[in-house]
Amino acid sequence: MHQEVEYDEDEAVEDIKKELEQFENNPKFNLNATEPINIGIHEEVRETKISIHTEQKTRDALIQLLFEYRDVFACSYDDMPGLSADIVVHKLPTYPDFPPVQQKQRKFKTDMSDKIKEEIMK
């Protein structure tokens with residue numbers, strides 16, 4: 001016995017609006033938050049970071065993998081003896097006679113400006 005459900009577009013739009021409002025009003029956790037893990041021996045700290053939002057089973061497997069292959073990872077420039085400093089040093093070729101150029105301040109619509117300020121305050 002198949003029963004058809006009538007689709008109400010206005011009701012669907014209202015449901016979506018309610019879900020968006022709930023999402024906007026709930027605090028959001030930082031997906032980029034990490035925790036430090038020492039993969040070196042106790043005397044030599046070799047720190048790397050993993051996400052705090054990783055499931056415990058995955059976290060344990062990842063830490064075990066990092067320990068198993070810790071000799072592969074370089075934690076400092078001293079761990080990479082053949083690496084030229086020209087590759088890892090960033091330089092901006094500028095002339096000291098010329099002052100830096102400052103861009104004009106951008107203007108936004110008032111509603112957009114309010115949203116930007118709100119996001120900055122978060």
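The values are calculated or read from the model by the stated rules, or taken from the named source; none is laboratory data. What you are looking at is a predicted structure, and each value in this text was computed from that prediction instead of being measured. Here the Cβ positions follow ideal geometry from the backbone for every residue, glycine too, while neighbour counts run over all protein chains shown. Only protein heavy atoms, including side chains, enter the accessible area calculation; ligands, DNA and RNA are left aside. Shrake-Rupley method; radii C 1.70, N 1.55, O 1.52, S 1.80 Å.
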Q) In degrees from 0 to 90, rounded to the nearest 10, what is the angle of the helix 110-121 Cα long axis to the longest principal axis of the chain? A) 50 degrees
**Q.** Helix-only CD estimate at 222 nm, as mean residue ellipticity for the chain, using -39500 (n - 2.57) per DSSP H run (n ≥ 4)
**A.** -11500 deg cm²/dmol
Q | Heavy-atom accessible area per residue - the chain, 1.4 Å, Å² | A | 103 Å²
Q. Cβ under 15 Å from I116's Cβ, I116 left aside: what net charge do those residues give with Lys, Arg +1 and Asp, Glu -1?
A. +2
Q: For helix 56-68, report the angle its Cα long axis makes with the longest principal axis of the Cα atoms of the chain; keep it between 0 and 90° and round to the nearest 10°.
A: 20 degrees
Q. Carbon and sulfur atoms: what percent of the 1.4 Å accessible area of the chain do they account for?
A. 54 percent
**Q.** Cut-off under 5 Å, modelled amide H: who pairs with I50 long-range
**A.** E35, I37
**Q.** With Cα atoms, 0 to 90° folded angle of helix 9-25 axis to the chain main axis
**A.** 40 degrees
Q. Taking only C-alpha pairs under 8 Å that are 6+ residues apart, what is the relative contact order of the chain in percent?
A. 13 percent
Q: Mind checking which of A85, T54, I120 is farthest towards the positive end of the chain's charge dipole, using Cβ charges of +1 (Lys, Arg) and -1 (Asp, Glu) about the Cα centre?
A: A85
**Q.** Given the chain, longest segment not containing exposed loop chymotrypsin sites (Phe, Trp or Tyr not before Pro) (DSSP; at most 11 other Cβ within 10 Å)
**A.** 30-68
Q. Just how much of T58 is accessible, in Å², when a 1.4 Å probe is used and the result is rounded to the nearest 10?
A. 70 Å²
